[in-house]
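The values are calculated or read from the model by the stated rules, or taken from the named source; none is laboratory data. The model shown is predicted, which means the values in this text are computed figures rather than measured ones. Glycine also receives a Cβ, built like all others from the backbone with ideal geometry; neighbour counts cover every protein chain displayed. When the accessible area is computed, the model is the full protein with side chains, heavy atoms only, and any ligands, DNA or RNA have been set aside. Shrake-Rupley method; radii C 1.70, N 1.55, O 1.52, S 1.80 Å.
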Amino acid sequence: MPVSVLAENPQGSPAAGGEFSAHAEPYRRELLAHCYRMTGSVHDAEDLVQETLLRAWKAYDRFEGKSSMRTWLHRIATNTCLSALEGRRRRPLPTGLGAASSDPTAELVERREVPWLEPLPDMGDDPADPSVIVGSRESVRLAFVAALQHLSPRQRAVLLLRDVLQWKAAEVAAAIGTTTTAVNSLLQRARSQLEAVRPSTGDRLTPPESAEAQDRLARYIAAFEAYDIDRLVELFTAEAIWEMPPYVGWYRGARAIATLIHRRCPAERPGDMRLLPLVANGQPAAAMYMRAGDVHVPFQLQVLDMTPEGVSHVVAFLDDALFATFGLPGSL
């Protein structure tokens, strides 16, 4: 339930309920980002934010102000996520399953039962502090969140609290009920594991609002809508990667991607595909609709890594439920 509908605190005071709403609501967006980083699922994150706010509302009469409201809410959110993640499998992308790149001429293998990583809609930027914008974007990039999935939930929590939220080790220890020594040990192992799986292009991605990114995304969309695969290939880097959960395969190289699209894309002619530009995970993205009779219906939601050399990675999510999450129309 939205925090605004929490009308009373446990003692029945509407005034206290309104006071809590006024103090907690400004943190909803960053709590959602935090829960998303922890879980890799925007749907789970939304539920966990609601649970966090409900727990905080019930405990608000015991909030003594020894820490900031922001710190207190993030502490509750972290422990809510840790409880929710007990016994759950991590959320991978196909590249995270450990298999080599696939043959684009081979049959596709679908695994709907896998809890795949999900993309995060653009939550807007706070223009007051450009450094905060950059930092928040980097911490929700798809590759970073995918890399976090290789960590245990407690490692994930420690790394996010220390390196993203910039908490002190003692604050993290108090938040998750352990010692400073244990926090430092968890952080060291988490950083080492993260370094081993993070892509090297992360610090070279083109911001989605830049003229370069917008121009390249417009040309990418135009090539798809014209069903001009040769023109599309020119936009990819030589070692570009394409993956599309829930299919387990992934594909390396512009030519392999072209072969895959030629063989597996259900489009047959120009106009069969329409794409809407958007932002996901702080990156350029596009929602693809496929012709079905007289309309176009949701087909893929693509999140792009763009470097100065071109499009280096595309994750094409074949989950039409994501379109509503992104506020996109059900048909065109």
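Summing +1 for each Lys or Arg and -1 for each Asp or Glu among the other residues whose beta-carbon sits under 13 angstrom from that of ALA256 gives +1. Can you tell me the orientation of helix 254-264 relative to the chain, as the angle in degrees between its alpha-carbon axis and the longest Cα principal axis, to the nearest 10? For helix 254-264, the angle is close to 80 degrees.
The HN-Hα couplings worked out from phi for region 70-81 by the Karplus form 6.51 cos²θ - 1.76 cosθ + 1.60 (θ = phi - 60°) are 4, 5, 4, 5, 5, 5, 5, 4, 4, 6, 5, 5 Hz, whole numbers, x standing for Gly and Pro.
Relative contact order of the chain, please, whole-number percent, based on alpha carbon pairs below 8 angstrom and at least 6 residues apart.
Taking the mean separation of contacting Cα pairs over the length of the chain, I get 16 percent.
When nucleic acids and ligands are ignored and a 1.4 Å probe is applied, ASP103 ends up with an accessible area of around 80 Å².
Altogether, the Stokes-Einstein calculation at 25 °C and 0.890 mPa s, with the Kirkwood radius of region 159-232 over Cα pairs as Rh, returns a diffusion coefficient of 154 µm²/s. Within the full protein context, the accessible area of SER101 is estimated at about 60 Å² for a probe radius of 1.4 Å. Surface analysis of the chain yields an accessible area of 46 Å² per residue, using protein heavy atoms and a 1.4 Å probe. On region 211-326, 50 percent of the accessible area sits on carbon and sulfur atoms, based on a 1.4 Å probe.
Residue-wise HN-Hα couplings along region 320-326, as the Karplus relation 6.51 cos²θ - 1.76 cosθ + 1.60 with θ = phi - 60° gives them from phi, are 5, 5, 5, 4, 5, 4, 8 Hz; Gly and Pro carry x. For region 16-88, the fraction of 1.4 Å probe accessible surface lying on carbon and sulfur atoms is 48 percent. Ligands, DNA and RNA excluded, the heavy atoms of LYS58 present near 110 Å² of accessible surface to a 1.4 Å solvent probe. What residues qualify as long-range amide H neighbours of HIS313, i.e. H under 5 Å apart, gap of 5 or more or another chain, H built at 1.01 Å from N? Here ILE241, ASP305 satisfy the definition. At q = 0.17 Å⁻¹ the log10 of I(q)/I(0) for region 16-88 amounts to -0.57, computed by Debye summation with a single uniform scatterer per C-alpha, solvent ignored. Taking a Cβ cut-off of under 15 Å around ARG274, the surrounding Lys, Arg, Asp and Glu residues balance to a net charge of -4, with basic ones at +1 and acidic ones at -1. With Cα atoms defining each centre, region 150-223 and region 282-332 are spaced 24 Å apart in the structure. Neighbours of ALA84 by Cβ distance under 14 Å: Lys/Arg scored +1, Asp/Glu scored -1, total +3.
Please return the longest stretch of the chain lacking exposed loop sites, where GluC sites (Glu not before Pro) count only if DSSP places them in a loop and at most 15 other Cβ atoms lie within 10 Å. Write down the numbers at each step before the final one.
Details: sites that count: GLU8, GLU64, GLU86, GLU107, GLU113, GLU209, GLU234, GLU268, GLU309.
That would be 114-208.
Of the Cα atoms belonging to the chain, the radius of gyration and Dmax stand at 21.3, 66 Å.
Rounded to the nearest 20, the size of the Cβ-charge dipole of the chain about its Cα centre is 1040 debye, with Lys and Arg at +1 and Asp and Glu at -1.
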